[in-house]
1. Given the Cα atoms of region 24-88, and with Rh set as the inverse mean 1/r over their pairs in the Kirkwood sense, what is Rg to Rh to two decimals?
2. So what are the ³J(HN,Hα) numbers for region 12-25, from phi and the Karplus equation (6.51, -1.76, 1.60; θ = phi - 60°), rounded to whole Hz, Gly and Pro as x?
3. Can you give the Rg to Rh ratio of region 59-127, both from alpha-carbon atoms, with Rh computed by the Kirkwood formula?
4. Can you show me the helix-derived [θ] at 222 nm for the chain, built from DSSP H runs with n ≥ 4 at -39,500 (n - 2.57) apiece and divided by the number of residues, rounded to the nearest 500.
5. Could you please state how large a percent of the accessible area of the chain is carbon and sulfur, counting protein chains only and using a 1.4 Å probe?
6. Per the Debye formula with a single identical scatterer at each Cα and no solvent contribution, what log10 I(q)/I(0) holds for the chain at q = 0.16 Å⁻¹?
7. How high is the relative contact order of region 1-104, in percent, counting Cα pairs under 8 Å that sit 6 or more residues apart?
8. Specify the residue with the greatest mean-square fluctuation among S43, S68, S32, computed from a Gaussian network of the chain linking alpha-carbon atoms under 10 Å apart.
Amino acid sequence: MNIGRAAEAAGLPVKTVRYYADIGLVEAPDRSETGYRRYDAASVRKLAFVRRARDFGFSIEECRELLSLYEDRNRSSSDVRRIAQAHLEEIEEKQRQLAALHDELAHLVKACRGDHRPDCPILARLG
């Protein structure tokens with residue numbers, strides 16, 4: 001199938017498929033006699049794998065590692081778990097940071113009278 005159909009089947013924009021090939025995340029298939037790249041089912045599965053990994057927030061480098069492990073039938077699941085565990089810890093830290101930010105901003109919004117007076121605790125905190 002051509003790149004447009006492969007991208008659609010994988011749930012990605014064509015531009016993203018080209019980018020992934022350009023950076024070597026996925027291998028670009030050979031060109032046909034007419035000069036178009038021909039994607040097979042295995043290529044589409046890899047593209048879809050990367051899309052799902054990106055949906056989980058894995059970085060390009062983490063996707064590269066995960067895809068390599070996905071393709072390696074002799075892999076150790078502990079290697080996969082290590083990558084996922086590290087990413088989970090990053091997400092949990094971001095959640096803690098966002099919760100603290102939420103609480104502080106909620107306090108400031110509550111403290112701001114929102115009237116015609118110029119004093120504002122939100123601006124004071126930002127300043």
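The values are calculated or read from the model by the stated rules, or taken from the named source; none is laboratory data. Not measured: the values here are computed from a predicted model. We work out accessible area using only protein heavy atoms, side chains counted, and drop any ligands, DNA or RNA first. Shrake-Rupley method; radii C 1.70, N 1.55, O 1.52, S 1.80 Å.
1. Values: Rg = 13.8 Å, Rh = 13.0 Å.
When Rh is taken as the Kirkwood radius, the ratio is 1.06.
2. With the stated coefficients, region 12-25 comes to 10, x, 4, 4, 5, 4, 5, 4, 4, 5, 4, 8, x, 5 Hz.
3. On the way: Rg = 21.8 Å, Rh = 15.7 Å.
On the Cα set of region 59-127, Rg over Rh gives 1.39.
4. Values: 6 runs with 85 residues, N = 127.
Helices in the chain give a 222 nm mean residue ellipticity of -21500 deg cm²/dmol.
5. Details: 4910 of 9400 Å².
C and S fraction of accessible area: 52 percent.
6. -0.83
7. On the way: 67 pairs, mean separation 22.7, N = 104.
That works out to 22 percent.
8. Fluctuation is largest for S32.
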